[in-house]
1. Enumerate the pairs (first residue in the stretch 234-254 and closer than 19 Å to SER144 by Cβ and polar (S, T, N, Q); second residue anywhere and open to solvent by less than 20 Å² (accessible area, probe 1.4 Å) and in a helix (DSSP H, G or I)) with beta-carbon separation below 8 Å, excluding pairs fewer than 6 apart on the same chain, so at least 6 apart or on different chains.
2. Might you let me know whether the stretch 38-50 holds any residue that is open to solvent by less than 20 Å² (accessible area, probe 1.4 Å), under 17 Å from GLY288 (Cα atoms) and modelled with pLDDT of 95 or more?
3. Suppose we filter the stretch 190-202 for residues that are closer than 15 Å to VAL268 by Cβ and part of a strand (DSSP E or B); how many remain?
4. Condition check: of a type in the set (A, V, I, L, M), over 25 Å from GLU43 (Cβ atoms) and either open to solvent by 40 Å² or more (accessible area, probe 1.4 Å) or in contact (Cβ under 8 Å) with a residue 40 or more places away in the chain (or both). Does ALA209 satisfy that?
5. Among the numbered criteria (1) farther than 25 Å from ILE191 by Cα; (2) assigned to a helix (DSSP H, G or I); (3) open to solvent by less than 30 Å² (accessible area, probe 1.4 Å), which one does ILE94 miss?
6. Please count how many residues of the stretch 102-117 are touching a residue at least 60 places away in the same chain (Cβ under 8 Å) and either open to solvent by less than 40 Å² (accessible area, probe 1.4 Å) or not in a loop (DSSP other than H, G, I, E, B) (or both).
7. PRO187 is checked against (1) in a helix (DSSP H, G or I); (2) out of contact with any Lys or Arg (no Cβ under 6 Å at 6 or more places or on another chain) and fails just one. What number does that condition carry?
8. Within the stretch 63-100, count every residue that is closer than 20 Å to THR249 by Cα and touching a residue at least 40 places away in the same chain (Cβ under 8 Å).
Amino acid sequence: MAAPHPMPHPMPHPMIELWRGGLLESTHSGHAVICDESGAIVESWGDPAAVIFPRSSCKMIQALPLLESGAAEAHGLTDRQVALACASHQGAAIHTEAVTRWLADLGLSDADLRCGAHEPYDTAERNRLIKADEKPCQCHNNCSGKHAGFLTLNRHLKADPEYVELDHPVQRASKQAHEEVTGETSPGHGIDGCSAPNFATSVHGLARAMARFAAATGTGDARDRAMHRLTRAMGQYPEMVAGEGRACTELMRAMEGRVAIKTGAEAVFIAIIPERKMGIALKITDGGTRGAEGAITALLARLGVLDPNHPAAKKRLDAVQKNWRGRETGILRAAAGFPG
């Protein structure tokens with residue numbers, strides 16, 4: 001496996017623009033790759049070799065050892081839990097209750113998580129905590145489902161409790177899976193917001209990995225079966241992957257679960273498209289979420305798997321901007337030549 005070239009990113013391509021008063025106000029540029037099942041590039045914008053941290057967009061890769069090892073089957077994990085292992089969730093009741101039950105089934109508790117606590121993104125749950133004068137726990141962390149998966153694998157491996165450490169068997173398995181499916185030796189790692197290592201790769205490598213997920217049939221070896229189940233679980237339970245109002249959940253619903261998509265911090269987005277056996281990866285270089293959401297919407301529409309007129313799509317592309325009085329102020333749209 002070859003190592004991709006190091007950062008910084010060269011030649012980002014303009015992707016999403018904000019227009020106000022007939023003038024271009026802002027531009028979100030980045031790198032994007034569409035791969036076929038062989039890992040070859042079908043189309044690209046910017047630099048496919050640009051090295052990025054995939055952040056939470058790669059959670060299905062981090063969950064591969066959970067399924068490949070037999071840990072998920074041994075502990076009777078449902079597809080709903082498998083989807084939660086890939087989540088960056090809102091910390092709504094459906095998420096925290098599911099994580100709490102999962103931990104209890106393992107004989108563990110919130111204290112065994114290593115993701116840290118933060119205020120939930122879900123308004124109802126945040127208000128409940130405020131009214132009850134309660135502090136958020138680690139189950140509210142948007143990565144707590146992934147960490148429940150790590151703990152399940154850790155129990156299966158009979159390893160020590162510090163499962164987020166780089167040299168821990170859980171993270172060694174995660175790195176091995178990452179390098180194998182991206183087809184690249186990772187040039188390094190960073191520590192994610194949830195304290196787990198996040199292994200760098202090129203945009204092409206990430207798209208290659210997603211195309212491999214897309215091509216999985218569920219009838220092959222342990223990896224093929226794991227990829228197939230992870231993809232289908234995400235599409236079947238989009239509410240567990242993110243939450244109400246979020247792009248991942250709304251766009252997967254708009255595509256009726258036929259495509260699995262996942263965002264990552266700092267404006268990374270991936271898509272797994274089984275019916276086309278294609279994978280997409282993109283990175284907006286300014287880290288702006290609205291740019292990443294608009295770009296993935298444009299690419300999914302280009303490939304014919306998302307209706308560009310669906311409300312979930314219109315919310316993120318060709319989206320009319322309004323101020324607090326309801327007056328139209330501008331429009332967020334694709335840049336000229338993207339996606340072409």
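The values are calculated or read from the model by the stated rules, or taken from the named source; none is laboratory data. Quick caveat, the model's predicted, so the values are computed rather than measured. As a convention, Cβ positions derive from the backbone with ideal geometry for all residues, glycine included, and neighbour counts pool all protein chains shown. Side chains are part of the model used for accessible areas, which takes the heavy atoms of the whole protein and leaves out ligands, DNA and RNA. Shrake-Rupley method; radii C 1.70, N 1.55, O 1.52, S 1.80 Å.
1. Once the first residue is closer than 19 Å to SER144 by Cβ and polar (S, T, N, Q) and sits in the stretch 234-254, its partners that are open to solvent by less than 20 Å² (accessible area, probe 1.4 Å) and in a helix (DSSP H, G or I) give THR249/PRO238; THR249/VAL241.
2. No: the stretch 38-50 contains no residue that is open to solvent by less than 20 Å² (accessible area, probe 1.4 Å), under 17 Å from GLY288 (Cα atoms) and modelled with pLDDT of 95 or more.
3. 5
4. Numbers: of a type in the set (A, V, I, L, M): yes; over 25 Å from GLU43 (Cβ atoms): no; either open to solvent by 40 Å² or more (accessible area, probe 1.4 Å) or in contact (Cβ under 8 Å) with a residue 40 or more places away in the chain (or both): yes.
No: the conditions fail for ALA209.
5. ILE94 satisfies all of (1) farther than 25 Å from ILE191 by Cα; (2) assigned to a helix (DSSP H, G or I); (3) open to solvent by less than 30 Å² (accessible area, probe 1.4 Å) except (3).
6. First, the residues of the stretch 102-117 that are touching a residue at least 60 places away in the same chain (Cβ under 8 Å): 114-116.
Next cut, either open to solvent by less than 40 Å² (accessible area, probe 1.4 Å) or not in a loop (DSSP other than H, G, I, E, B) (or both) only: 115-116.
Qualifying residue count for the region: 2.
7. (1)
8. Going residue by residue through the stretch 63-100, those that are closer than 20 Å to THR249 by Cα are 63, 78-99.
With the extra rule that they be touching a residue at least 40 places away in the same chain (Cβ under 8 Å), the set shrinks to 63, 79-92, 94-96, 98-99.
Counting residues in the stretch 63-100 that are closer than 20 Å to THR249 by Cα and touching a residue at least 40 places away in the same chain (Cβ under 8 Å) gives 20.
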